[in-house]
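What follows is a single structure, and I will ask about it in a moment.
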Amino acid sequence: MKPNLIIGCGAIAQELVTIIKANGLQENLEVTALPAIWHNTPQKILPGLREKVTAAKASGKYQHIFIGYADCGTGGQLDRYIEDEGLQRIAGDHCYAFYAGQDRFAALFEEELGTFYLTDYLARHFERLIIQGYKLDTNPELLPMMFGHYTKLVYLAQVEDSELDRLARQAAEKLGGLSYERHLTGYGELGDFVREAAEASREL
Amino acid sequence: MSDEDEIILAELNDDELVQQMHDDLYEGLKEEVVEGVEILLDRGWTPYDVLTKALVAGMTIVGIDFRDGILYVPEVLMAANSMKAGMAVLKPLLAETGAPKVGSMVIGTVKGDIHDIGKNLVSMMMEGAGFEVYDIGINNPVENYLEALEEHKPEILGMSALLTTTMPYMKVVVDTLVEKGMRDDYIILVGGAPLNEEFAENVGADAYCRDAAVAVETAKEWVAKMHNRRASA
């Protein structure tokens with residue numbers, strides 16, 4: 001039986017593989033990832049994804065393809081494509097939402113508008129993705145223009161890791177001394193998404 | 001770059017200098033842009049010509065390359081900073097020399113949304129194009145829009161949103177204007193990454209502006225139409 005494939009953002013690839021292994025789903029599901037740096041340039045996501053989906057379909061190796069992206073700043077474009085292709089993606093606007101859970105994330109969002117979110121991946125790669133990615137290292141004058149309205153940083157942790165906690169705290173400092181909160185979310189709705197993707201393959 | 005390659009702005013003729021200023025704006029070289037502005041003024045250029053031919057034209061190129069995915073947010077912000085620095089030199093002079101006023105606009109990001117990079121670019125480009133801009137900032141409930149419209153009596157209301165969760169609030173604002181019988185007093189322009197023309201139509205706006213340069217062109221067209229309509233009424 002052919003496996004299913006999740007084509008996902010590089011920022012959740014490690015988590016996808018961890019969930020697949022932890023549930024013994026390696027026979028049912030494979031993962032391929034697109035660059036996590038596209039977090040900064042969401043306009044690159046759809047063309048990159050389209051290419052991957054076309055290649056995966058043409059390979060004939062997979063039963064079903066699942067999309068490991070939320071809306072991710074594509075403003076509904078991703079959904080229009082997914083609908084046209086008859087695919088399925090993980091629910092929500094961002095990875096923050098599916099890690100925290102949609103309701104919990106909505107509550108966090110309501111609680112304080114100017115909140116900047118980090119996940120394990122974003123905490124680990126904050127320097128490269130945010131500081132260097134937005135050229136804040138060479139142009140610190142951009143900081144208030146980009147982050148001037150943020151007041152709080154919430155780190156949504158997938159695993160217990162004191163080093164990531166330290167990095168996330170440091171990130172809050174670097175963004176202009178934001179207040180800091182850490183919430184341990186685990187993998188949240190990403191776990192359900194992976195199990196559903198695996199189930200779809202068993203049904204065939 | 002060696003000393004030999006260094007470009008001395010003052011040694012360039014007007015056309016070369018304007019071209020170089022477009023390049024410097026593109027690269028976000030604030031000091032060079034300011035120097036270029038001062039040189040053109042010294043050569044007897046009107047502040048309005050410096051603004052439109054050197055700064056606005058240069059920033060328009062930046063806007064097009066942003067739209068086409070050649071430039072990204074940091075580069076655009078650096079260019080905008082350079083343009084702002086150039087405009088700071090020109091602003092007092094423009095006030096003295098009476099540059100043409102095209103119209104006025106109240107602009108703000110909608111309730112629940114703190115994103116303002118796009119809005120700020122639109123404000124700056126609109127100012128550069130001769131509009132009086134009243135920027136009411138971020139996270140605006142409908143009351144803020146109404147108050148600003150009442151106070152400034154602009155031709156245009158601009159609304160911005162970056163989030164799919166906040167963009168529906170634009171309809172709340174438009175519906176309130178309809179209820180109060182004020183809708184037709186204003187040109188309503190909307191913008192923001194997740195929006196499109198269909199959305200603008202659905203919320204009852206007059207037009208969707210995909211970027212700052214389009215916002216300026218759209219604003220000019222609609223203001224001209226409004227003036228023509230009023231003149232023939």
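Out of A:Asn40, A:Asn23, A:Asn28, I need the residue that is of a type in the set (S, T, N, Q) and buried (at least 21 other Cβ atoms within 10 Å of the Cβ). Which one?
Values: A:Asn40 fails: buried (at least 21 other Cβ atoms within 10 Å of the Cβ); A:Asn23 fails: buried (at least 21 other Cβ atoms within 10 Å of the Cβ).
Matching residue, one of A:Asn40, A:Asn23, A:Asn28: A:Asn28.
Any residue at all in region B:52-69 that is polar (S, T, N, Q) and touching a Leu at 6+ places or on another chain (Cβ under 9 Å)? Walk me through it before giving the result.
At the first step, the residues of region B:52-69 found to be polar (S, T, N, Q) are B:52, B:60.
Right, trim to touching a Leu at 6+ places or on another chain (Cβ under 9 Å) and you get none.
Within region B:52-69, none of the residues are polar (S, T, N, Q) and touching a Leu at 6+ places or on another chain (Cβ under 9 Å).
If you scan region B:119-134, which residues turn out to be closer than 18 Å to B:Ala193 by Cβ and touching a strand residue (DSSP E or B) at 6+ places or on another chain (Cβ under 6 Å)?
Correct list: B:Lys119, B:Ser123.
Out of A:Ile12, A:Ile6, I need the residue that is in a helix (DSSP H, G or I), buried (at least 16 other Cβ atoms within 10 Å of the Cβ) and either among the polar types (S, T, N, Q) or away from chain B (no Cβ under 14 Å) (or both). Which one? Write out each step before concluding.
Values: A:Ile6 fails: in a helix (DSSP H, G or I).
After ruling out the rest, the residue left standing is A:Ile12.
Working carefully through the options B:Lys171, B:Lys153, find the one that is more than 19 Å from the chain's Cα centre (by Cα), open to solvent by 60 Å² or more (accessible area, probe 1.4 Å) and modelled with pLDDT of 95 or more.
Among B:Lys171, B:Lys153, only B:Lys171 is more than 19 Å from the chain's Cα centre (by Cα), open to solvent by 60 Å² or more (accessible area, probe 1.4 Å) and modelled with pLDDT of 95 or more.
Suppose we filter region A:89-111 for residues that are within 11 Å of chain B (Cβ to nearest Cβ) and among the charged types (D, E, K, R); how many remain?
Residues flagged as within 11 Å of chain B (Cβ to nearest Cβ) and among the charged types (D, E, K, R) within region A:89-111 amount to 2.
Across region A:133-184, which residue is nearest to A:Tyr121 (Cα to Cα) among those that are more than 20 Å from the chain's Cα centre (by Cα) and among the hydrophobic types (A, V, I, L, M, F, W, C)?
Top of the filtered list is A:Leu175.
Of all residues in region B:174-233, which are open to solvent by 30 Å² or more (accessible area, probe 1.4 Å) and of a type in the set (Val, Ile, Thr)?
Correct list: B:Val178, B:Val214.
Just checking, does region B:1-23 include any residue being within 22 Å of B:Val216 (Cα to Cα), open to solvent by 30 Å² or more (accessible area, probe 1.4 Å) and touching a residue at least 40 places away in the same chain (Cβ under 8 Å)?
No, every residue in region B:1-23 fails to be within 22 Å of B:Val216 (Cα to Cα), open to solvent by 30 Å² or more (accessible area, probe 1.4 Å) and touching a residue at least 40 places away in the same chain (Cβ under 8 Å).
To continue, here is another question. Select from region B:39-64 the residues that are open to solvent by 60 Å² or more (accessible area, probe 1.4 Å), of a type outside the set (A, V, I, L, M, F, W, C) and in a helix (DSSP H, G or I) and list them in ascending order.
If the condition is that a residue be open to solvent by 60 Å² or more (accessible area, probe 1.4 Å), of a type outside the set (A, V, I, L, M, F, W, C) and in a helix (DSSP H, G or I), then B:Asp42, B:Tyr48, B:Lys53 are the ones that fit.
Among (1) in contact with a helix residue (DSSP H, G or I) (Cβ under 7 Å, 6 or more places away or on another chain); (2) free of Cβ contacts under 8 Å to residues at least 40 places away in the same chain; (3) of a type outside the set (A, V, I, L, M, F, W, C); (4) away from chain A (no Cβ under 14 Å), where does B:Asp135 come up short?
Here B:Asp135 meets the rest and fails (4).
Could you list, in sequence order, the residues of region A:125-173 that are part of a helix (DSSP H, G or I), among the acidic types (Asp, Glu) and away from chain B (no Cβ under 14 Å)? Write out each step before concluding.
In the first step, residues of region A:125-173 are kept if they are part of a helix (DSSP H, G or I); the result is A:126-132, A:140-147, A:162-173.
After this cut, where a residue has to be among the acidic types (Asp, Glu) as well, the list is A:127, A:141, A:163, A:165, A:173.
If the condition is that a residue be part of a helix (DSSP H, G or I), among the acidic types (Asp, Glu) and away from chain B (no Cβ under 14 Å), then A:Glu127, A:Glu163, A:Asp165, A:Glu173 are the ones that fit.
Inside region A:174-199, can you point out the residues that are assigned to a helix (DSSP H, G or I) and open to solvent by 40 Å² or more (accessible area, probe 1.4 Å)? Reasoning before the result, please.
Our first condition is that a residue be assigned to a helix (DSSP H, G or I); within region A:174-199, this holds for A:174, A:189-199.
Correct list: A:Lys174, A:Glu189, A:Asp192, A:Arg195, A:Glu196, A:Glu199.
The values are calculated or read from the model by the stated rules, or taken from the named source; none is laboratory data. The structure displayed is predicted, hence computed values, not measured ones. Note: ideal-geometry Cβ built from the backbone for every residue, glycine included; neighbour counts use all protein chains shown. Heavy atoms of the whole protein, side chains included, go into the accessibility calculation; ligands, DNA and RNA do not. Shrake-Rupley method; radii C 1.70, N 1.55, O 1.52, S 1.80 Å.
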